[in-house]
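The values are calculated or read from the model by the stated rules, or taken from the named source; none is laboratory data. The structure displayed is predicted, hence computed values, not measured ones. Virtual Cβ from ideal backbone geometry, glycine too; neighbours counted across all protein chains shown.
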Amino acid sequence: MALLLRNVLYHPSFCFIPFLVLGVVLWLTASPGVGGFRTQHSVTAGGLILLFVYYSAIVLGSLVGFTAGRKLSRPARPSESAEKAFFYLVSAIGLFATVYTWYSLVRAGFNIRSAIEDSGMNTAKQLAYESYSYMFTLRYCNELSGSLSIYYLVSGRWRSLPIRLLCVVDLFCVLLVSAISFRMLLVQTVFCGMGLLVYSKYASVIPWRRVLLVMLLGLVVLGALTMSRNAAFYRQRFGVTNPVRALQIQVTRYLAAPVQVSLGVAEYAISDSSRFRRHEWNVVLLPTFLHPADKKSDDNSGGVGNQWYLSLVDIDPNLTTNSSFVRLYQLIGLFCIPFMFVMCACSSLVIGACVESESIVLKLMGVVILYLHVELWRVYQFHAGYVVFNLVICIVGLMLAL
């Protein structure tokens, strides 16, 4: 099981492919409206070849970088005290940020009871961004503390009661943050926690049934969070009140919509006279918190800001994270193909060096970056502010361990 996960879902060259394939299947089979579009976009040979070349660049670049990274020499494993100190650090930051964020929301007038009763947790996200504080950024540290908590609880590396209780607190913080603004944090945390297990010395003895149980519980919680924020949407648009069915529709929309938009933009790119005259490299390379305001998405989703492709393809404008290809083509045209080869080669070099290290902090850095590859079927996040923040925290942890 661990070997299969290493070679597919936790390999930077192939980790996005299962989701891309599933997206194609759902795009082909989704009922009108459920997939985020009313009519399927036509498939053209030119567009299909272009997308094949783009995703091949990701696979090949990642393969080259990962192979080279795993051969690099690695620093000695830090002491257990340094590892614990890092865990305490990220746990403290995550707990403080979670409490501070919720306290700020309540002070801003957020009524927790009404939001739960009316399934209006989206109100919390709106309030958070209306009264935004840079202190809120610290809540993304819960991805690090939550991932480590899953690793420690499942592997049994540390069995002391205080650490186990802290792990439970960390995971509860992940749920609280996911509920108000960032449901994908839950997915990221589970993925990264499992990644630490897959690349650990415990991989061969881990009870994978327990891991599958964790994943199933994650899906249940994700379904509950979906209904807590968007129950009215699913009831009005699809007549759905069952949380399982709502989660199914959400997954279908998230997976099928990028396929629909990618096909439309790829067809357009073949005849687009500006396909080699797009040069917004500052947006591609700089962290998102340094981007001009007009380049940021209005809904704070991290997706495409102005959805320039709406005239090219039939798609629900509420869906904004519609493939890394679409986002990068908007900014740098067909230069996105060699760019992704180089970017994936560099990131995979780091991943390969990190996941094979004996340092849990380096492993955590590796799986955090690896998750960015997983999302390439729907969004480009290598420059996302929360990613930069989490990597900086990991680097600080490594410096403290020296």
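Count of segment 77-109 residues, restricted to those that are in contact with a helix residue (DSSP H, G or I) (Cβ under 7 Å, 6 or more places away or on another chain), surrounded by fewer than 14 Cβ atoms within 10 Å (Cβ to Cβ) and touching a residue at least 24 places away in the same chain (Cβ under 8 Å), is 0.
Among the residues of segment 230-237, are any under 23 Å from the mean Cα position of the chain (by Cα), within 30 Å of Leu328 (Cβ to Cβ) and modelled with pLDDT of 90 or more? Checked against the condition, which is being under 23 Å from the mean Cα position of the chain (by Cα), within 30 Å of Leu328 (Cβ to Cβ) and modelled with pLDDT of 90 or more, segment 230-237 yields no hits at all. I want to confirm something. Restricting to segment 331-350 and keeping residues that are more than 12 Å from Phe382 (Cβ to Cβ) and in contact (Cβ under 8 Å) with a residue 60 or more places away in the chain, which single residue is surrounded by the most Cβ atoms within 10 Å (Cβ to Cβ)? Among those that are more than 12 Å from Phe382 (Cβ to Cβ) and in contact (Cβ under 8 Å) with a residue 60 or more places away in the chain, it is Cys336. Looking only at residues in segment 26-41 that are assigned to a loop (DSSP other than H, G, I, E, B) and in contact with a helix residue (DSSP H, G or I) (Cβ under 6 Å, 6 or more places away or on another chain), the one that is farthest from Val251 (Cα to Cα) is His41.
Has segment 44-56 got at least one residue that is surrounded by 13 or more Cβ atoms within 10 Å (Cβ to Cβ), touching a Leu at 6+ places or on another chain (Cβ under 9 Å) and either assigned by TED's automatic domain parsing to the domain that holds Val392 or not in a helix (DSSP H, G or I) (or both)? Yes, some residue in segment 44-56 is surrounded by 13 or more Cβ atoms within 10 Å (Cβ to Cβ), touching a Leu at 6+ places or on another chain (Cβ under 9 Å) and either assigned by TED's automatic domain parsing to the domain that holds Val392 or not in a helix (DSSP H, G or I) (or both).
Selection of segment 163-189 for residues being free of Cβ contacts under 8 Å to residues at least 24 places away in the same chain and either buried (at least 21 other Cβ atoms within 10 Å of the Cβ) or farther than 21 Å from Ala97 by Cβ (or both) yields Arg164, Cys167. Considering only segment 171-186, I want to know if a residue exists there that is assigned to a helix (DSSP H, G or I), of a type in the set (Phe, Trp, Tyr) and farther than 29 Å from Arg245 by Cα. No: zero hits.
The residue that is surrounded by the most Cβ atoms within 10 Å (Cβ to Cβ), counting only those in segment 269-290 that are free of Cβ contacts under 8 Å to residues at least 12 places away in the same chain and hydroxyl-bearing (Ser, Thr, Tyr), is Ser271.
One residue is enough: does segment 192-200 have a residue meeting the conditions free of Cβ contacts under 8 Å to residues at least 24 places away in the same chain and farther than 30 Å from Gly47 by Cβ? Outline the logic, then answer.
Residues of segment 192-200 that are free of Cβ contacts under 8 Å to residues at least 24 places away in the same chain, as a first pass: none.
Checking segment 192-200: not a single residue is free of Cβ contacts under 8 Å to residues at least 24 places away in the same chain and farther than 30 Å from Gly47 by Cβ.
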